[in-house]
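Just so it is clear, none of the values below were taken in a lab; they were calculated from the coordinates. Note that the structure is predicted; figures quoted are calculated from it, not measured. Cβ: placed from backbone, ideal geometry, glycine included. Neighbour counts: every protein chain shown.
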Amino acid sequence: MSIRTIFRAFARSAAFLAAAAAPATAQEPTGEEPSGPAGPPATAQNVERTELARDAFSTGLYGAERGALPADLWAGADPALLADLLDAAPARPGSPAVGALMARSLLADGRAPQSASADAVVDLSGKKLAALARAGFVDEARTIATFSTAPKNAPAVAQALAEIDLLSNDLAGACGRGARLTAGRDGLYWLKLRVLCYAAAGEVDAADLTLGLLRERGVLSEADDAYLGSAATGVAPGPGLAPQNGLQLAALRRLGAAPSVEALAGAGGGVVRSLADDAEVDPALRLAAVREAAAMGVAEPAAVSEVFSAAADAADFDVAAEAGAAEALADAPDDPMTDVLVRRAVAGMAEPAFMRDRARLIAGALGVADDFPRFAALAALYEPEIVALDGALVAPSEAGRFALARMARGDAAAAGRWLNAMLNGQGAAALDDETALEFVELASLYRELDAPAAARLSDVAGVALTPREARTGAAGGAAVDRERLAVAARA
């Protein structure tokens, strides 16, 4: 994916936010934005602050402490425009920044437009839940629905909840919702779902008949036709297909099939997060899924850590393997299980006496990351350890990798401290040539987060920052798409 494509994805997400908010009275959030990590994903245990008995559109899980946008963000928006924008919200966030922006807007307490009718609010509630689940915020969407007054049988809300069921591997729950509908039962979504439900119930003739009617009407996409056809015939489609939604994923799951690791790069965000959360999925596929989810900004450190821990448990590394984690980084840097082995070794170095060894291993893992999803996942995975190391004396190259990891997580303040640590109180002239080049590139990238701080840093170092168009990926940096990191950091 080119940098131009990434910037377009970010611009679309920003336009989605700005267009709907433009008519509202502008109010800035009070207090300062947090510079550190966003914190754990919202659950039923930490949403007590949310006022109950509210529609799903107005119900949020984020407060100002997590960067939530103002509660009156949508107050003056045109309900019809907002509905269209929710339908067009990214189904696969292009970077952690796009995912974070969606969370800060759609997981915030945001009152529905003042001009919206009661029916329009219900429709917006369903569209908001659908947009969240589609992008990968599946559990968050379900929690909002649970803690709101959204009428569960309203077509838009029921459709969103059915998708959440399917992404949660609950086909029976989705089929039950369709059966209980009192209006809109013949909508396109419900007819497609009916093919799956008939097939799951062994009613093959009914599944074939419903699928045939959909084909005659010409309303199926090529992908829908392939997935629903597989559900009706019992023959799995080719592994190269990338499921885009819960319906398509459910068709695969019903046959005991799954997308390939390669197909995840084009799968929908909700599908990717669903596979990352599924303990029954093959560990290699689950690892690939959580990497993609981290790169989209829809997997927090705890979720990434759980997947890595499960993979390590399945691998059952022995003591000798853990002791050789550093050698594995050198001998098998491209093996996904090397990251798992290193994670298990780092977890066993909790004692303060192992601080230097722990820092060296983490920096080594970050250093061999050969694509953006892998680096984004490792930056999330090791966030607690890197935060704990803040202020520790480490090698300049290690400090540089920690700076890059904090940039990937959007933590400008910590990234700046790690860049200062590279200098160790001296100018860049005191560094070896390779590390000095690395510093210049990292400081230039840091400018995307905090331009004034980057300028001060370059003055202290006695170097000139590199213009974006001239960056080449010094000191091995070509392994990670650093321009994508620049966008990833700007939430």
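Quick one: length gained pulling Ala88 to Arg417 fully straight, 0.36 nm per residue minus the C-alpha distance? Numbers along the way, then the final one.
Details: separation 329, 0.36 × 329 = 118.44 nm, distance 3.84 nm.
Length gained between Ala88 and Arg417: 114.6 nm.
Rounded to the nearest whole Hz, the Karplus-based 3J(HN,Hα) values (6.51 cos²θ - 1.76 cosθ + 1.60, θ = phi - 60°) of region 353-361 follow the sequence 5, 9, 4, 5, 5, 5, 4, 5, 5, with x at glycine and proline.
For region 173-221, what does the alpha-carbon gyration tensor say about shape, rounded, prolate or oblate, given a ≥ b ≥ c as the root eigenvalues, a/c under 1.5 as rounded, and a/b over b/c as prolate? It is oblate, given that a/c is not under 1.5 and a/b is not larger than b/c. Karplus-derived 3J(HN,Hα) values for region 333-340, using 6.51 cos²θ - 1.76 cosθ + 1.60 with θ = phi - 60°, are x, 8, 7, x, 6, 5, 4, 5 Hz; glycine and proline are entered as x.
The GluC sites (Glu not before Pro) found in region 273-338 that occupy coil by DSSP, while having at most 10 further C-beta atoms within 10 Å, are Glu280. Here the Karplus relation 6.51 cos²θ - 1.76 cosθ + 1.60, evaluated at θ = phi - 60°, turns the backbone of region 266-282 into coupling constants of x, 7, x, x, x, 5, 4, 5, 4, 5, 5, 8, 8, 5, 8, 6, 3 Hz, with x for every Gly and Pro.
Put the Cα centre of region 273-308 next to the Cα centre of region 392-454 and the gap is 29 Å. Less than 5 angstrom separates the built amide H of Asp55 from those of Thr149, all sequence-distant by 5 or more or on a different chain. Once backbone amide H atoms are built at 1.01 Å from N, Ala257 has no partners under 5 Å, excluding neighbours fewer than 5 places away on the same chain. Specify whether the C-alpha gyration tensor of region 147-285 places it in the rounded, prolate or oblate class, a ≥ b ≥ c being the square roots of the eigenvalues: rounded for a/c under 1.5, otherwise prolate if a/b is larger than b/c and oblate if not. Oblate, since a/c reaches 1.5 and b/c is not below a/b.
Between amide H atoms placed 1.01 Å from N, distances below 5 Å from Tyr62 occur with Ala108, Asp109, all of them 5 or more places distant or on a separate chain. For the peptides 59-72, 372-385, the ranking by packing is 372-385, 59-72, with the highest mean count of neighbouring Cβ atoms within 10 Å listed first.
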